[in-house]
Each structure stands twice: as C-alpha cells, then as structure tokens.
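The values are calculated or read from the model by the stated rules, or taken from the named source; none is laboratory data. Just so you know, these numbers come straight off a predicted model, no measurement behind them. So basically every Cβ, Gly included, is an ideal-geometry build from the backbone, and we count neighbours across all protein chains shown. Just the protein is used for accessible areas: all its heavy atoms, side chains included, with ligands, DNA and RNA removed. Shrake-Rupley method; radii C 1.70, N 1.55, O 1.52, S 1.80 Å.
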Amino acid sequence: QVQLVESGGGLVQAGGSLRLSCVASGRTFSNSAMGWFRQAPGKGRDFVAAFSWSAGNTYYADSVKGRFTISRDNAKNTVYLQMNSLEHEDTAVYYCAARRGGDYYATGSSYDYWGQGNQVTVYS
C-alpha cells in the first residue's frame, strides 16, 4: 500500500521559514515526478512545485518562485519543500503528490498518490 506522509507544517510569522517533508512508502519513487500542491480556504488545489525525474528539472508556480525550493532524497524516499520569506497568502493546506511516471505536470489530476495534507499558517 502506497503512503505519502507529510510533516513540518505549523504556525509561522510572515517572513519566516518552514520546511515540509513527505516520506513515501509502499514503493520507490526515485523514477517518479513528485510535487507539492496547496489549497487555501475556499479555493481550489493549486500547483506549488514539482520535480521531474525524467527531465531532472524543478518547476515552480510564479507565486513561490525564488522563495520556495523543492528537493528530494531518493535514498530516503523523501521529498522536501523549503519555504522562505513566507507571506500570509501562503496560508493553506499543503499536499505532497507523486506520479507513477517521471514527467512533470502542474495539474493535480495527473498525480496518482496524495498525502493527507499539512496545515501551514502564516500570520502577520
């Protein structure tokens, strides 16, 4: 059974930093695209960042570019999201996602596995 378990969310003041972690179990994702999405209250689930194994590239939403960094540790089957210079608008539930394939997609429907979600709240 595949599981993605997130951790690292919480409450942080604007301008601060948090690092989210997502540990995958049940299969290896070293050849898979993995990403982060977020859902703010009353809004849909939005793409944040992704890592494409096939291209070896990272991709970011414009709203987080330059502030967030996605990385992965294949030996630990873990993907991270380092979030710096956090803004109130970053407040959301953050979801880790993984695809069976290695190509990057920014649409949530292209991902096969999802974590349970992790709340990030940024206060001013």
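Under 6 Å between Cβ atoms, which residue pairs at least 6 apart in sequence (or on different chains) link something in the range 107-124 that is at pLDDT below 95 with a partner that is among the aromatic types (Phe, Trp, Tyr) and open to solvent by less than 70 Å² (accessible area, probe 1.4 Å)?
Listed by first residue and then by second, the contacts come to GLY108/PHE37.
From SER52, SER71, SER30, grab the single residue that is open to solvent by less than 60 Å² (accessible area, probe 1.4 Å), free of Cβ contacts under 8 Å to residues at least 60 places away in the same chain and within 16 Å of GLU6 (Cβ to Cβ).
That would be SER71, the only listed residue that is open to solvent by less than 60 Å² (accessible area, probe 1.4 Å), free of Cβ contacts under 8 Å to residues at least 60 places away in the same chain and within 16 Å of GLU6 (Cβ to Cβ).
Please enumerate the residues belonging to the range 8-25 that are small (Gly, Ala, Ser), assigned to a strand (DSSP E or B) and either under 11 Å from ALA92 (Cβ atoms) or at pLDDT 95 or above (or both).
Listed by number, the residues that qualify are GLY10, SER21.
Restricting the search to the range 85-111, which residues are small (Gly, Ala, Ser) and open to solvent by less than 10 Å² (accessible area, probe 1.4 Å)?
Once the filter is applied, which keeps residues that are small (Gly, Ala, Ser) and open to solvent by less than 10 Å² (accessible area, probe 1.4 Å), the range 85-111 yields ALA92, ALA97, ALA98.
Of the residues that make up the range 26-41, is at least one of a type in the set (S, T, N, Q) and modelled with pLDDT of 95 or more?
Yes.
Six or more apart or on different chains, Cβ under 8 Å: which pairs go from a residue in the range 76-96 that's more than 27 Å from GLN3 (Cβ to Cβ) to one that's surrounded by fewer than 19 Cβ atoms within 10 Å (Cβ to Cβ) and of a type in the set (Phe, Trp, Tyr)? Could you list them?
HIS88/TYR123
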